[in-house]
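Below is one structure, written out as C-alpha cells; the observations come after it.
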Amino acid sequence: MTLVTRQEVLGLYRKIFRIAKKWQSASGQIEETIKEKEYIKNEAKTLFRKNKNVTDPKLIKQYIEECEARIEIGLHYNIPYPRPVSI
C-alpha cells in the first residue's frame, strides 16, 4: 500500500468515527441513536480489520470506493445500515 493510499484509508476510518460521534437516528430516540452509533463503529472496525492485509491496488481502490459510497448513502438517507441491492 502506498503512503497516499494508507493516508486515504486512515482518513476514511477517522471520518467514519467522526460521523458516528455526531450521529442522530432518524427517529430521534436516544436508545436508537446509541444503537446506531455502536453499529457504525463496530461495522467500521470489523470491515477495516478484515481487509487490513489486502495488498492488491485494484481491490484497495474498490474497497475505498465502496466505503465512500456507503458513507454518502448513509448520510443521505440517515440510515447507518447497508442498503439492499436489487439485481
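The values are calculated or read from the model by the stated rules, or taken from the named source; none is laboratory data. The shown structure was predicted, so the numbers you read here are calculated from the model rather than taken from an experiment. Heads up, the Cβs are rebuilt from the backbone with ideal geometry, glycines too, and the neighbour counts pull from every protein chain shown. Note: areas computed on protein heavy atoms with side chains; ligands, DNA, RNA excluded. Shrake-Rupley method; radii C 1.70, N 1.55, O 1.52, S 1.80 Å.
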| said: So I have (1) 53, 14, 8; (2) 25, 14, 11; (3) 41, 20, 9, and one of them is semi-axes √(5λ) of the Cα gyration tensor in Å calculated from this model. Which one is it? | reply: (2)
| query | Rounded, prolate or oblate: which fits segment 26-69, taking a ≥ b ≥ c as square roots of the Cα gyration tensor eigenvalues, rounded meaning a/c under 1.5, else prolate when a/b beats b/c? | reply | oblate
| message | Placing unit charges on C-beta atoms (Lys and Arg positive, Asp and Glu negative, everything else neutral), compute the dipole magnitude of segment 42-84 about its Cα centre in debye, rounded to 20. | response | 220
| Rolling a 1.4 angstrom probe over the protein heavy atoms, how many square angstrom per residue are accessible across the chain? | 78
| query | In segment 11-53, which trypsin sites (Lys or Arg not before Pro) fall in coil by DSSP and have 10 or fewer other Cβ atoms within 10 Å? | reply | K52
| Counting alpha carbon pairs within less than 8 Å and at least 6 residues apart, what relative contact order, in whole percent, applies to the chain? | 32
| note | Summing +1 per Lys or Arg and -1 per Asp or Glu among the other residues with Cβ less than 13 Å from T55's Cβ gives +3
| message | Between 0 and 90 degrees, rounded to the nearest ten: what's the tilt of helix 57-77 against the longest Cα principal axis of the chain? | response | 20
| query | In nm, to one decimal, how far is the modelled label at E68 from the one at M1, with both set 7 Å along Cα→Cβ? | reply | 1.6
| field | Accessible-area composition of the chain, carbon plus sulfur, in percent [1.4 Å probe] | value | 57
